[in-house]
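Chemist: Input: one structure, supplied below.
What follows is calculated from the coordinates using simple rules that are stated; it is not laboratory data. Nothing here was measured: the structure is a model prediction, and the numbers come from that model. Note: ideal-geometry Cβ built from the backbone for every residue, glycine included; neighbour counts use all protein chains shown.
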Amino acid sequence: MSLWQFLIGRPIRSREAAHEEIGSTEGLAALSLDALSSVAYGPEAIALVLVTAGAAALHYLLPISLAIVGLLAILVLSYSQVIEAYPRGGGAYAVSRENLGTQVSQVAAAALVVDYILTVAISISAGVEALSSAFPVLRPATLPLCLVILAAITLMNLRGVGDSARAFLLPTMVFIVGLLALLAWGFVHPVLPVAHPALPPARSVPLFFLLTAFAAGCTALTGVEAIANGVPLFREPRMLRAKRTEWLLGGILGLMLLGLAILTIRFGVLPGGQQTMLSRVMTAAVGRSWAYYVVSLAITAVLGLAANTSFGGLPLLASILARDQYLPHVFAMRGDRLVFSPGIWVLSCAAAVLLIASDGNTQALIPLFAIGVFTGFTLSQAGMVVHWWHRRVPNWKLRIGLNGLGALATGVATLLFVGTKFLEGAWVVVLAIPLLVWMFRRVHHYYGQVDEILEPGQRPGPVVAKARPLVVVPITPTLTALTRRALDHALSLSDEVIAVAVLFDPETSSDPTPESLHASWEAWDPPVRLVTLHSQYHSVVRPLIRFIATLDHRTDQRVLVLIPEVVPSRPADELLHNRVGWMVASALRRRTDVLIGMVPMHLREEHPAP
């Protein structure tokens, strides 16, 4: 077993794919951690806006949280309908593609891609921030910790969605049960400890602050759509299991948001400083007891693992986009563990770039967040309105009303995000989405041109016999067993074979002189003509290309360049060999009148390279 197989597990047969499918409870760990963990930064984002108008404004935390929970209920019901109508996954992209057209669906896909990447970066940075709140000594190592967690989650997802969901299930349950129990204890504690003085009496706050705070708090709703995007990941009956997970997510997240809002006001907790607001609320409820540290560690784990939502969603979305020819086809390829590994690698690298650029600072990334996902929310709900209008299923008017309300609410929230966060960094997302759409169209245009040439699905034309090729074999100035092997193959393909050696200036090279090479050739006496080329520069490729261009051959005859190549017995030994053959092949690929072939010579284990 190789080291890589030890890390990600043995290859899985296609018939074993059911092993990687997940149930409703596992769906919370695989696809819901993004939304659940947002309680660590969503309420604090609201409070940070409100306190700019004074500590008394924090009383509005509860009404704003109620409005966000109301929007959460609309989204949960709406996405339950998306799951029912589009069980093959794709979420906002699939809905808008069928109901709003391909151009709008590309915007939805771009918004989801941006959201997934930001989700990974923000979740991990928030997790490390929560950890450093509990253990301040770790604060200087914020960025290294972020990258280590990212690497661990990437590796776990390369093992498969099922394995990652089962591995993350325990910390997910500890987080849910622990935080809900801690909040409940904060309500019923006989002698409520107060961490801070009571808040001043409530007073009126400008509408602008309330709208800005609402927009900031809507970051707590990101991830609600991930379950609808990943329906194919569930076991049968997929649709029912996915809907159950969506309902569980909505109920748990709603309780947490309201509980935190009430206790924040009750304890008079203010945001800011070196400790998160959630950590201060927990300290006020139970003190720095064992329960505080257990829940803090669970929050850290879940915040870091919340990135798993994106690792479950983006590779699947990328595979759908690749199938529709908006992304390279490699994104539709599954790895040995039956996961879409190219999407996992790209997501991991993009998130690493964001973490390094922001130095692992959550608040630096928050302004970029939620615009993408709320754009997807809006397009998904608008698409479902059109869907029900055309289908006219039972209760279609009620369904249209629900999705229409969802589209209106999320559309207003999207505009608020853009308006209030634009100068704080949201302009990056506003720019990134059109750039991704442009990329989708360029990829689609390219594949359209390829299809015109390859004519997939059509009967190919008649096969025409061509003349045997003129074979050119590049050889080294020093004759070896590799030279003999290459000429053996060349003579089995054609009677017209030319061996070509490129020689450098003898004063700057240890190669044989032309005279000594021809003498060795005549002594060996193979039935092949030898041509020597002299290069004024230390380049094998350019003289060889020029020579091939001057070859005189019949119009119905192709030139075949047969490149000898040493294949080491160990992959690490590849670095010990030059890549001249690869460079020659790369240079010839664009010539339409030249065929390229490789003659590998494997170095056996019984004759290892020194």
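Chemist: Given H placed on each backbone N at 1.01 Å, which residues far from LEU327 in sequence or on other chains put an amide H within less than 5 Å of it?
Modeler: ALA322
Chemist: Excluding same-chain residues fewer than 8 positions from LYS421, which lysines have a Cα within less than 30 Å of its Cα?
Modeler: Partners within reach: none.
Chemist: Take every Cα pair under 8 Å in the stretch 281-385 that's 6+ residues apart, average their separations, divide by the length, and report that relative contact order as a whole percent.
Modeler: Relative contact order here is 14 percent.
Chemist: Collect residues whose amide H, placed 1.01 Å from N in the peptide plane, falls under 5 Å from the amide H of ILE22; neighbours closer than 5 in sequence don't count.
Modeler: PHE234, ARG235
Chemist: Place +1 on the Cβ of every Lys and Arg and -1 on the Cβ of every Asp and Glu in the stretch 270-412, take the dipole about the Cα centre, and give the residue among PRO315, LEU405, LEU355 whose Cα lies farthest towards its positive end.
Modeler: LEU405
Chemist: Normalised by the residues of the chain, what does the relative contact order come to in percent, with Cα pairs under 8 Å and at least six apart?
Modeler: Worked out over the chain, it gives 20 percent.
Chemist: Can you list the HN-Hα couplings for the stretch 457-472, worked out from phi with the Karplus curve (6.51, -1.76, 1.60; θ = phi - 60°), rounded to whole Hz and with x for Gly and Pro?
Modeler: Coupling constants for the stretch 457-472: x, 9, 6, x, x, x, 7, 10, 6, 9, 5, 4, x, 8, 9, 10 Hz.
Chemist: Under a crude label model (7 Å from the Cα following the beta-carbon direction), how far is LEU576 from ALA467 in nanometres?
Modeler: A separation of 4.5 nm, rounded to one decimal place.
Chemist: Given the options MET277, GLY250, LEU576, identify the residue whose Cα lies farthest towards the positive end of the charge dipole of the chain (+1 on Cβ of Lys, Arg; -1 on Cβ of Asp, Glu).
Modeler: Value: GLY250.
Chemist: Return a whole-number percent for the relative contact order of the stretch 88-184, with Cα pairs under 8 Å and 6 or more residues apart as the contact set.
Modeler: Relative CO of the stretch 88-184 lands at 13 percent.
Chemist: Right, something else. Return the loop-located trypsin sites (Lys or Arg not before Pro) in the stretch 392-432 (DSSP other than H, G, I, E, B) with at most 12 other Cβ atoms within 10 Å of their own Cβ; answer none if there are none.
Modeler: ARG392
Chemist: Given points 7 Å out from each Cα along the Cα-Cβ axis, report the LEU169 to THR550 separation in nanometres with one decimal.
Modeler: 7.2 nm
Chemist: If the only charges are +1 at each Lys and Arg Cβ and -1 at each Asp and Glu Cβ, what is the size of the charge dipole of the stretch 385-470 around the Cα centre, to the nearest 20 debye?
Modeler: 320 debye
Chemist: State to the nearest 20 debye the size of the charge dipole of the chain about its Cα centre, where the only charges are +1 on K and R beta carbons and -1 on D and E beta carbons.
Modeler: Numbers: 43 positive and 38 negative charges, 381 e Å.
Dipole size: approximately 1820 debye.
Chemist: Give me the percent of Cα-Cα pairs in the chain that sit more than 49 Å apart, rounded to a whole number.
Modeler: Value for the chain: 31 percent of Cα pairs lie more than 49 Å apart.
Chemist: Count charges around SER24 for me, please; just the other residues with Cβ under 12 Å from its Cβ, Lys/Arg as +1, Asp/Glu as -1. Don't skip to the answer; put the middle values down first.
Modeler: Working: positive: ARG235, ARG238, ARG241, LYS243, ARG244; negative: GLU21, GLU26, GLU246.
With Lys, Arg at +1 and Asp, Glu at -1, the neighbours total +2.
Chemist: Next up: So, in nm, how far is label TRP247 from label VAL386 when the simple model puts each one 7 Å beyond its Cα toward the Cβ?
Modeler: 3.0 nm
Chemist: Using Cα positions and a limit of under 17 Å, work out the aspartates and glutamates in reach of LYS466, with same-chain residues fewer than 8 apart set aside.
Modeler: Excluding near neighbours in sequence, the set is ASP495, GLU496, ASP552, ASP556, ASP593.
Chemist: Using a cut-off of under 16 Å, list every residue of the stretch 474-496 whose amide N is near the label point 7 Å from the Cα of GLN557 along the Cα-to-beta-carbon line.
Modeler: Taking a point 7 Å out along Cα→Cβ of GLN557, the residues of the stretch 474-496 whose backbone N falls under 16 Å are 490-496.
Chemist: Expressed as an acute angle from 0 to 90° and rounded to the nearest 10, what is the orientation of the C-alpha long axis of helix 481-493 relative to the principal long axis of the chain?
Modeler: 80 degrees
Chemist: Under 5 Å between amide H atoms, partner at least 5 residues away or on a different chain: which partners does GLU565 have, H built in plane at 1.01 Å?
Modeler: VAL599, MET601
Chemist: Hey, what angle do you get for helix 207-217 against the long axis of the chain, alpha-carbon based, 0 to 90 degrees rounded to 10?
Modeler: Here the helix axis deviates by roughly 50 degrees.
Chemist: For the chain, what is the calculated [θ] at 222 nm in deg cm²/dmol (nearest 500), taking -39500 (n - 2.57) for each run of four or more DSSP H residues and dividing by its residue count?
Modeler: Theoretical 222 nm ellipticity from helices: -19500 deg cm²/dmol.
Chemist: Moving to a separate point now. Quick one: if the Förster radius is 22 Å, what FRET efficiency do LYS397 and LEU240 give, using the C-beta to C-beta distance and rounding to 0.05? It would help to have the intermediate numbers written out before the result.
Modeler: Details: r = 25 Å, r/R0 = 1.13.
For LYS397 and LEU240, the calculated efficiency is 0.30.
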